[in-house]
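Novice: Handing you a structure now.
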């Protein structure tokens, strides 16, 4: 399953490959061969923190191939705990976003543990990375699937300021932010409608989705 994402901002400085990896590195090697490696490119492998010997062999095969093909290409290995879904999505979304700033990003989710595949796919959603082209390696067919709309698109600086001020009450927020209670209530209502805030007995808190947004932006 492969995603080709190209930045429209600034000069392209290199390709970034991000791939979830299990016991078999074939899909990663095929992608690298297809797109080619140039000095300045980066390969990022997303694998389980369990460090299973077969998974580590797959990592080594990619590293060895890259070093033989172009020793100036950097290989980064992210060993992640599948259980830390939100943390993984935030981390991977930052990698995708940074890659888009550099140039072209190719995300491959053909292999690896399901939890990491999901986290990498959702990272593309959160990063607002466009369409994902999925490659089913068993048949060789390419099926394009649109990335879900970014749930965080359109968040304003004032809304982020409010998220960072939680947990709190409407009264405290209005004082802290220098706005009326009505204005504070309106901001909270919009955040709640987007699933970023939850209310408990008149006290507002950041929801798991809101925490993910703050983590992705690095402002939590």
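Novice: Calculate the spin-label point distance for residue 165 paired with residue 182, positioning each point 7 Å from the Cα along the beta-carbon direction, and give it in nanometres.
Specialist: Reported label-point gap for residue 182 and residue 165 is 1.7 nm.
Novice: What distance in nm lies between label points placed 7 Å from Cα along the C-beta direction at residue 38 and residue 77?
Specialist: Using points 7 Å along Cα→Cβ, the separation is 2.8 nm.
Novice: Order 191-204, 102-115 from most to least packed using the mean count of other Cβ atoms within 10 Å. Before the final figure, lay out each step's value.
Specialist: Numbers: 191-204: 15.2, 102-115: 22.0.
Peptide ranking by packing, descending: 102-115, 191-204.
Novice: Taking the simple approach of a point 7 Å from Cα along Cα-to-Cβ for both residue 87 and residue 199, what is their distance in nm?
Specialist: 3.3
Novice: OK, next. For a Förster distance of 25 Å, can you work out the FRET efficiency between the beta-carbons of residue 63 and residue 114, rounded to the nearest 0.05?
Specialist: Working: r = 24 Å, r/R0 = 0.96.
E between residue 63 and residue 114, to the nearest 0.05, is 0.55.
Novice: Using a 10 Å cut-off on Cβ atoms, rank the peptides 171-182, 40-51, 14-25 from the highest mean neighbour count down. Kindly include the intermediate steps, with their values, before the conclusion.
Specialist: On the way: 171-182: 13.8, 40-51: 19.5, 14-25: 22.5.
Ranked by mean Cβ neighbours within 10 Å, highest first: 14-25, 40-51, 171-182.
Novice: Using 1/(1 + (r/R0)^6) with R0 = 41 angstrom and r between the beta carbons of residue 56 and residue 101, what's the FRET efficiency to the nearest 0.05?
Specialist: On the way: r = 31 Å, r/R0 = 0.75.
Once rounded, the FRET efficiency stands at 0.85.
No value in this document is a laboratory result; all are computed from the given coordinates. Here the structure is a predicted model, which is why all the values come from computation and not from measurement. Note: ideal-geometry Cβ built from the backbone for every residue, glycine included; neighbour counts use all protein chains shown.
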